[in-house]
1. Test D197 against the stated conditions and say whether it is charged (D, E, K, R), exposed (fewer than 15 other Cβ atoms within 10 Å of the Cβ), modelled with pLDDT of 85 or more and not in a loop (DSSP other than H, G, I, E, B).
2. Take the conditions within 20 Å of Q513 (Cα to Cα), charged (D, E, K, R) and assigned to a helix (DSSP H, G or I) and apply them to E481. Does it pass?
3. Looking only at segment 501-528, how many residues end up being open to solvent by less than 50 Å² (accessible area, probe 1.4 Å) and more than 23 Å from Y469 (Cβ to Cβ)?
4. So, of the residues in segment 159-174 that are free of Cβ contacts under 8 Å to residues at least 60 places away in the same chain and among the hydrophobic types (A, V, I, L, M, F, W, C), which turns out to be surrounded by the most Cβ atoms within 10 Å (Cβ to Cβ)?
5. Any residue at all in segment 503-519 that is in a helix (DSSP H, G or I), within 26 Å of M395 (Cβ to Cβ) and aliphatic (A, V, I, L, M)?
6. Within segment 476-484, is even one residue at pLDDT 90 or above and open to solvent by 50 Å² or more (accessible area, probe 1.4 Å)?
7. Within segment 94-111, identify whether any single residue is modelled with pLDDT of 90 or more and in a helix (DSSP H, G or I), and answer yes or no.
8. When you go through S84, S100 one by one, which is the residue that is closer than 16 Å to R133 by Cβ and of a type in the set (G, A, S)?
Amino acid sequence: MDLPSCEVHRLREIANLVSYVCRSRVDKEKLALALKNEGYIPKLLQLFQVCENLKDTKNLHLLFDIVIGILYLDEDILFEVMFSDECILDVVGCLEYDPSLAQQESLREFLMKTAKMQEVIPTRDPEIRHKIRQTFRAQYIQAIISRNSSDFEQDFLSTFNSFIRCSKTDILKVLQKDEIFFSEMFAKLKDEATAADQRCELMKFFKEFFAFSFALPENRREFLETLAKFEILPTLKKLMGVNDLQVRSISTDILSYIGYFYPFKVHDFVLREARQSDNNDQLLLVIIEQLINSSDPGLGGDNQLKKILLILIDPENMEEHVSNLEIFEFLDFFYDRCIHILAAPLLGDTSGKPYDKGNDNFKFSPLQLTFLFLVDDYEAAEMLALVLDVLSFCMQRHKHHMKNYVVSKDLLRKVLVLLKSKHRFLALSALRFMRKMIAMKDNLYNNYIIQGKLFEPVVNALLDNGTRYNLLNSALLELFEFIQVEDIQSLIKHIVENFSDKLDSIRYVHTFQGLKAKLEQVKSCQSQTLD
């Protein structure tokens, strides 16, 4: 392909050529080859310097179109030239003169002054250092282009995106094999003398490094084996206990990657800790304590911790890798050493007998009234809702262990105090806990509810809500509807015999009339059988 001579008065012709060629894959390849062979890009960038010195805005706008057009050729052979030390600043300079903008941008200033390469761990290989710089520049150009381009236009940059991805992969493969690099990084992370800002920068780097390594499925297992040599889990456990919120958050993110892809690795570590130590700094305990003492409730950190905890305590994640005996050993450890810490906000703050047998009204002890005042605090309410989510999960997955725990600690009684919270989401969480318990259709749970008269706070919550049609009202009615539809006879009998006087006033649904009819039907059938 013949190219116009690289002169200022022919910039319009060059821009038209690049624009026209972009319509054909074959012509793109021909033009890219011609630009490479004739050293055309450095010549264009020399023209850019001339035009900028002359403040020739018209031709600077043409050079913007030409450089954008060359990038959209999407050819590997040109990227090495454009992102080289000699060319990168002038390429970014051309992109400052976007004709669609009223004022020139300061893209080069960011690249020269703001974006300083910071080596948290020195890289001894000069080739890798060069590759890292080049990859950063490519990502910077990618960010500039993508601001004003449509998804359709970005589809034409598949080779460009692949170039960045392959560069990252090459960097990772070299670093993953560098045990000295890992040794230095983990030594600094573990060292208490490491400055807080340096540790934070190390963790930011490690998170990005970790996330991209795990994004390559073929590298995951090998990468995790490498990290295991340097005690990744003990290191994360230690970092989750530091005062720096950002470091704790990043440690949680990294642990979630491991827990999601290889939960058995964490289970194995937790079991080894349980066998070897009675200390309170075991990983599972650290996760629970972070969850109930989260300093950023509602901002994602606590939900991330909850997800990790649910992954780790789910027996289904253990079945393929450990024996049933080891699963029971893990559950014994969890219920002996951990769950009392998880449930402490409920057991500590809602203790006492909420029901006064001498009075039909639902009463609260002074301690409970204090608790109700405390859960008016939104952060405390969010934390309690998270705890209830985890306990509900335990009830479904740890049937035997959780059943003993609920009854021995009279847990549902404490949970139902939360129906009085002004935060509807917390009241709904408490109700959902009871709903899941009833859905188990377990006679022990049903007898526990009946003997403890635990429908009293539920009925009172329904009556206190009055005729307001809201989510709490719907959830309360659905609970009674479920009992009727599933024909849980012991609960139907208990509700009708103890609360029909209060519930008869609710006529806008037929649920409670249906419960009475169910009980009459059962009594009739029993009478006929007796006859």
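The values are calculated or read from the model by the stated rules, or taken from the named source; none is laboratory data. Just so it is clear, the structure is predicted and the values come from calculations on it, not from any experiment. Neighbour counts are summed over all protein chains in view; Cβ atoms, including those assigned to glycine, are modelled from backbone coordinates with ideal geometry. Side chains are part of the model used for accessible areas, which takes the heavy atoms of the whole protein and leaves out ligands, DNA and RNA. Shrake-Rupley method; radii C 1.70, N 1.55, O 1.52, S 1.80 Å.
1. yes
2. yes
3. 2
4. Selected residue: I171.
5. The answer is yes; a qualifying residue exists.
6. Yes.
7. For segment 94-111, residues modelled with pLDDT of 90 or more and in a helix (DSSP H, G or I): present.
8. Only one candidate qualifies: S84.
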